[in-house]
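Report on one structure; see the data block that follows.
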Amino acid sequence: MKKIAIISCFLLAVSGFSGCSAAMAESYTVAAQPYRAFTDENIHSSECRIELGDEVFVSGQGAWFSSNNITISEGGVYTISGSYSGGSISITTDDPVKLTFENADIANDGGYAVESKSSKLVICSENGSSRLSGSGNDLGVAVYSEGTLLFAGSGELTVDGSVFSAENIQFSRGVNVICEILRTDGGFIIPGTFSIN
């Protein structure tokens, strides 16, 4: 198993974030987890395309746009392109979800860019450069996940803001990134902006 990220944990005092009151002071190595491609066996929805802009177009099942937010209620593969600000992608299903960003830019100065209740969320960047920017809660979190969070893809992705997962944060094979991942009482957090690929 290829090791791609050497991570140093250090003591971090944080406040106003449930379950993240302190980080454990220890050093450890995170090994890359093999990327298991999504198949019909673990996804029960056909692919859905979401085009962002002055108007938001959703083509396929499992997602809709309302009240400035994109809601995903079914497991599946969602391909997202274009630019949007002032709202977020909210995943309300526990089923595995893969978000594939193609030259997408999502900015939410008043909250999360992506908020997920999925048991496994894959954020994949393809076909160019994409950016996720958010400032949710006191820690300025751009991506919040209640389940396992996996970053993958051959494109470039910049996350402008912290990343939090209540389970764990992983990078697939081929993603060469070195960043700090802090282990807290409530999960794992990458505390600042980072880019992959």
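Please treat every number below as a calculation from the coordinates, not as lab data. Computed from a prediction, not measured in an experiment: that's the story for all the values here. Cβ sites come from the backbone with ideal geometry, for glycine too, and all protein chains shown count toward neighbours.
Antiparallel DSSP bridges in the stretch 58-152: what percent, to the nearest 5?
Numbers: 5 of 39 bridges.
Of those bridges, close to 15 percent are antiparallel.
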**OP:** Take the stretch 84-173, compute every pairwise Cα distance, and split them into 5 Å bins from 0; I just need the percent in each bin.
**Re:** 3, 16, 26, 28, 20, 5, 0
Original post:
Taking amide hydrogens as modeled 1.01 Å from N in the peptide plane, which residues meet the under 5 Å criterion relative to Gly111, leaving out close sequence neighbours?
Top reply: Ser135, Gly136
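Net charge around Thr93, counting only other residues with Cβ within less than 10 Å of its Cβ (Lys, Arg = +1; Asp, Glu = -1)? Write out the running numbers ahead of the final one.
Numbers: positive: Lys117; negative: Glu74, Asp94, Asp95.
For residues surrounding Thr93, the net value is -2.
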**OP:** Would you mind counting up the charge near Thr158? Only other residues with Cβ under 14 Å from its Cβ, with Lys and Arg at +1 and Asp and Glu at -1.
**Re:** -2
**OP:** Under 15 Å from the Cβ of Gly110, count the other residues' Cβ atoms, weight Lys and Arg +1, Asp and Glu -1, and hand me the total.
**Re:** -4
